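See below for the structure under consideration.
The values are calculated or read from the model by the stated rules, or taken from the named source; none is laboratory data. Just so we're clear, the structure is a prediction, and the values are computed from it rather than from any experiment. Cβ atoms come from the backbone with ideal geometry, glycine included; neighbour counts cover every protein chain shown.
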Amino acid sequence: MNDTNGPLIQTGDVPVTLLRVEAGYTNYKGEVYDKNGVFINFPRELGSKQRANIDPASVKRQFKQKRVGCVVQERRNYSYYHWTYETLPKLIYLSKNKKELGVDKLYFHFGRIGHPYQREALRRLGFNRWQILDAKKIESLKAKEIVVVRLNESRLKPSFQLCQTIKSAFVQQPVQRPYRKIYLTRDHVKTGRKLINEFELRDLLVSYGFQTIVADNLTVAAQARLFNESEYIVSPHGAALANIAFCEPGTKVLELFNQADRSIWSPLYSTIAQACNLELVPVAPAHTKEISASNHRSNFYADLNAIKRVFAHWRL
């Protein structure tokens, strides 16, 4: 089967476009070629712009009897957010359609495959380590069939359907009534955006019954369960908030920003919250002289009075 038109496949979980190329080629950039080495224009949101053909003689590996799933993370970095909302849905689709597609290997095109959350997701979805091909080690390959999955929505504006797909991979039995109050600290991270008045904030949150959590110390399954059980969440803006996809509708989220200019705040989690029927309240930093020199990685003071006002609105 050689379908270069990429028909829309509705899986019941998330809509994707599927490209299947018989006796095809692919390379470390995630570009796909037919059996003659001719480039196939299968555009992705941030796909490579290269349009040159490939020399079949230069291909490094050949899997004549294998069907290889080509998995591309468009933002080629190590972000937990981009993995969760961009790559994980593609893996879920491939996992649920293994029998139909007959995929034997997965060829990854991004950063470094090996983070604990990546390995955990692959195991959970039934992919063994010997099925994984790392594009950093194998620059190009040929297979009996190349299978490419494209997500038909932006990772920057995920839909309710996409969030439910992500949630279903880790939360089989949602909690009937969320009850936890959690604070996601960034005090341990090296990339900034820490709270200068961290201890004062923790003391305040303890008085309201919040538990401090280091999300990085938990498996994805544990994070999914924790967020699914949480009724109230407080966190500085950061990747840990990607887990709000696991929350139940009605969960309340307070997101702390480190810049006073609201026009430059990231709308990512507000968008997800809206899609998932959560209530997210963004809170500006306390007004201090450090604000004028801040950037998206600057440490900052949490506005404790503003947080109290939000809690009063929530009747905590």
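Within the stretch 242-260, can you find the residues that are in a loop (DSSP other than H, G, I, E, B) and among the small types (G, A, S)?
So the first thing to find is which residues in the stretch 242-260 are in a loop (DSSP other than H, G, I, E, B), and the list is 247-251, 257-260.
Hits for the stretch 242-260 are G250, A260.
For the list (1) in contact with a helix residue (DSSP H, G or I) (Cβ under 7 Å, 6 or more places away or on another chain); (2) under 22 Å from V253 (Cβ atoms); (3) free of Cβ contacts under 8 Å to residues at least 60 places away in the same chain, I need the number of the one condition that R186 fails.
Checking R186 against (1) in contact with a helix residue (DSSP H, G or I) (Cβ under 7 Å, 6 or more places away or on another chain); (2) under 22 Å from V253 (Cβ atoms); (3) free of Cβ contacts under 8 Å to residues at least 60 places away in the same chain, the one that fails is (1).
Among V234, V171, V214, V189, which is β-branched (V, I, T) and in contact with a His (Cβ under 8 Å, 6 or more places away or on another chain)?
Numbers: V234 fails: in contact with a His (Cβ under 8 Å, 6 or more places away or on another chain); V171 fails: in contact with a His (Cβ under 8 Å, 6 or more places away or on another chain); V189 fails: in contact with a His (Cβ under 8 Å, 6 or more places away or on another chain).
Just one listed residue meets the conditions, V214.
Condition first: modelled with pLDDT under 80 and touching a helix residue (DSSP H, G or I) at 6+ places or on another chain (Cβ under 6 Å). Now tell me which residues in the stretch 12-48 satisfy that. Let's see the steps before the verdict.
If we filter the stretch 12-48 for residues that are modelled with pLDDT under 80, which is where we start, we get 12-15, 43-48.
D13, V14, listed by residue number.
Please enumerate the residues belonging to the stretch 181-198 that are surrounded by fewer than 15 Cβ atoms within 10 Å (Cβ to Cβ) and either at pLDDT 95 or above or among the β-branched types (V, I, T) (or both).
Selection gives T191 alone.
Please go through the stretch 167-205 and pick out each residue that is under 20 Å from the mean Cα position of the chain (by Cα) and outside any loop (DSSP other than H, G, I, E, B).
K167, S168, A169, F170, L184
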